[in-house]
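Chemist: Sharing a structure below in structure tokens format, with a few things to ask.
Readers should treat all values here as calculations from the given coordinates under stated rules, not as data from a laboratory. All of these numbers come straight from a predicted model, not from anything done at the bench. Every residue, glycine among them, receives a Cβ derived from its backbone with ideal geometry; neighbour counts consider all protein chains shown.
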Amino acid sequence: MNGEIAQAVALVCHGNALLRGLQVPEFWPVNSTAKFCEQIDFATIKPPHDNPREVVVSATPDAWLGRLKASGMVGLRLRHDSGQAGHARWQDAGALGGTGRWTIETLDADGFTWEWVARWRVGNPQAPDRRIWLVRYGAVSRNPTVPASGTLAEEEPALGAALEKILEFASAHAECRGFVGNFQRALAALRPGGPRAGYHQDLAPYGVISERAAATLDACQSAWVFGAMGSWNDLGFERDIEAVYEAATERLFATLIRSIVRAASQ
């Protein structure tokens, strides 16, 4: 998964751990999803609506999580929306925001949900510590809470099948051989007691999600081969093979998104 998604996953998991009274490690600036960020803050939108202004309510993720606990929030969830085009496109995954709209939902005890959406922008592109990103999560709306759709258990067979299919394709075509290991590692992570090879090993504090959910998030990291030049997106084939490649890729992309949402939102 890319950095935008990984950070949202980590915030949801850390928030749920804190709300459940589990031991939560410091998030900022040490969490791996914050490694390249100069700033991560949180703001609300103040009227008037014709000239709204953003008011920072928490200057760091740790302060925000503490604020959620103090305000009586009962849980956090991750949500994905397809975007204005009607569906997220794996072909656009290399662009910032190209995977659709990722929302962190904070649920209160009164049956309402705040929706927080991140805005990433480059600060100092020459920062010697490579912390180039300025990230702001904005509370964009408050709506009645709706039940979550689907479970991780329902999604697990689809993820395994999508990975098997794309591994079969990659193994059969020389152009894809550099990605075979990604899919093999993802499948290995899904096996009981399988190895964890994902870059982010600190997405979830211990005990907040199940072992199956943790394995799923690890597998999704290994299988996330989407990006810009040099990525899985950059491959091309003759017409008949191209159709198989696109179908397998679309299936994997959609399954990864659903799996990430359901694993993070336990």
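Chemist: Given just the C-alpha atoms of the chain, how large is their convex hull per residue in cubic angstrom? Please list the in-between numbers first.
Modeler: Values: hull volume 38.6 nm³, N = 266.
Hull volume over Cα atoms, normalised by residue count, gives 145 Å³.
Chemist: So, one more: At what distance in nm do the modelled label points of ARG20 and ARG212 sit from each other, each positioned 7 Å from its Cα along Cα→Cβ?
Modeler: Simple spin-label model gives 1.5 nm for this pair.
Chemist: Taking the simple approach of a point 7 Å from Cα along Cα-to-Cβ for both ARG191 and ARG131, what is their distance in nm?
Modeler: 4.1 nm
Chemist: Between segment 172-193 and segment 114-152, what is the C-alpha centre distance in whole Å?
Modeler: Answer, in whole Å: 30.
Chemist: Also, quick follow-up: Whole percent per 5 Å bin, from 0 to the bin with the longest distance: what is P(r) over all C-alpha pairs of segment 21-66?
Modeler: Pairs per bin, as whole percents: 5, 19, 22, 18, 14, 11, 6, 4, 1.
Chemist: Okay, moving on. Under 10 Å, Cα contacts only: if you run a Gaussian network model on the chain, which one of LEU163, LEU235, LEU78 comes out with the highest mean-square fluctuation?
Modeler: With Cα springs under 10 Å in the chain, the top fluctuation among LEU163, LEU235, LEU78 is at LEU235.
Chemist: For segment 76-227, with equal point scatterers placed on the C-alpha atoms only and solvent neglected, what are the log10 I(q)/I(0) values from the Debye formula at q = 0.09, 0.12, 0.15 1/Å, to two decimals?
Modeler: Debye output, listed in q order: -0.39, -0.70, -1.07.
Chemist: Straight-line reach only, C-alpha to C-alpha below 26 angstrom: list the lysines that LYS69 could link to, leaving out same-chain residues fewer than 8 apart.
Modeler: By straight Cα distance, LYS69 reaches LYS35, LYS46.
Chemist: May I pose another question? Please give the FRET efficiency for ASP108 paired with ALA228, using the beta carbon to beta carbon distance and R0 = 51 Å, rounded to the nearest 0.05. Walk me through the intermediate numbers first.
Modeler: Details: r = 39 Å, r/R0 = 0.77.
My answer for the efficiency is 0.85.
Chemist: What are the semi-axes of the equivalent ellipsoid for segment 1-148, taken as the square roots of 5 times the Cα gyration tensor eigenvalues, largest first, in whole Å? Don't jump to the answer; show the numbers that get you there.
Modeler: Details: eigenvalues 104, 80, 56 Å².
Its equivalent ellipsoid spans semi-axes of 23, 20, 17 Å.
Chemist: With +1 on the Cβ of every Lys and Arg and -1 on the Cβ of every Asp and Glu, and nothing else charged, how large is the dipole of segment 179-266 about its Cα centre, in debye rounded to the nearest 20?
Modeler: Details: 8 positive and 9 negative charges, 89 e Å.
Computed charge dipole of segment 179-266: roughly 420 debye.
Chemist: A follow-up question, please. Give a residue-ordered list of calculated ³J(HN,Hα) values for segment 220-235 (Karplus: 6.51 cos²θ - 1.76 cosθ + 1.60, θ = phi - 60°; whole Hz; x for Gly, Pro).
Modeler: Listing the rounded values in order: 5, 5, 5, 7, 7, 9, 8, x, 10, 4, x, 8, 4, 4, 8, 7 Hz.
Chemist: Collect residues whose amide H, placed 1.01 Å from N in the peptide plane, falls under 5 Å from the amide H of ILE40; neighbours closer than 5 in sequence don't count.
Modeler: For ILE40, whose amide H was placed from the backbone, the distant partners under 5 Å are VAL135.
Chemist: Please return the longest range in the chain lying between exposed loop sites, taking GluC sites (Glu not before Pro), DSSP loop only, at most 15 other beta-carbon atoms within 10 Å, and leaving the sites out.
Modeler: Numbers: sites that count: GLU26, GLU238.
Counting only loop sites that pass the neighbour cut-off, the longest clear stretch is 27-237.
Chemist: In segment 116-180, how does Rg compare with the Kirkwood Rh, expressed as the Rg/Rh ratio over alpha carbon atoms?
Modeler: Working: Rg = 20.4 Å, Rh = 16.8 Å.
That ratio equals 1.21.
Chemist: Additional query: Nearest 20 debye, what's the magnitude of the dipole of segment 96-185 about its Cα centre given +1 on Lys and Arg Cβ and -1 on Asp and Glu Cβ?
Modeler: On the way: 10 positive and 11 negative charges, 134 e Å.
Using only the charged Cβ atoms, the result is roughly 640 debye.
Chemist: What is the list of residues in segment 237-266 whose amide nitrogen lies under 16 Å from a point 7 angstrom out from the Cα of HIS173, following Cα to Cβ?
Modeler: Of the residues in segment 237-266, 237-253 have backbone N under 16 Å from the label point off HIS173.
Chemist: HN-Hα J couplings of segment 93-98 from phi, Karplus 6.51/-1.76/1.60, θ = phi - 60°, integer Hz, Gly and Pro as x?
Modeler: Karplus values, whole Hz, x for Gly and Pro: 5, x, 8, 4, x, x.
Chemist: Right, here's the next one. Please list, in order along segment 33-40, the HN-Hα scalar couplings obtained from phi with the Karplus expression 6.51 cos²θ - 1.76 cosθ + 1.60 (θ = phi - 60°), rounded to whole Hz, x for Gly and Pro.
Modeler: 6, 9, 4, 10, 10, 7, 8, 9
Chemist: Between 0 and 90 degrees, rounded to the nearest ten: what's the tilt of helix 61-70 against the longest Cα principal axis of the chain?
Modeler: 60 degrees
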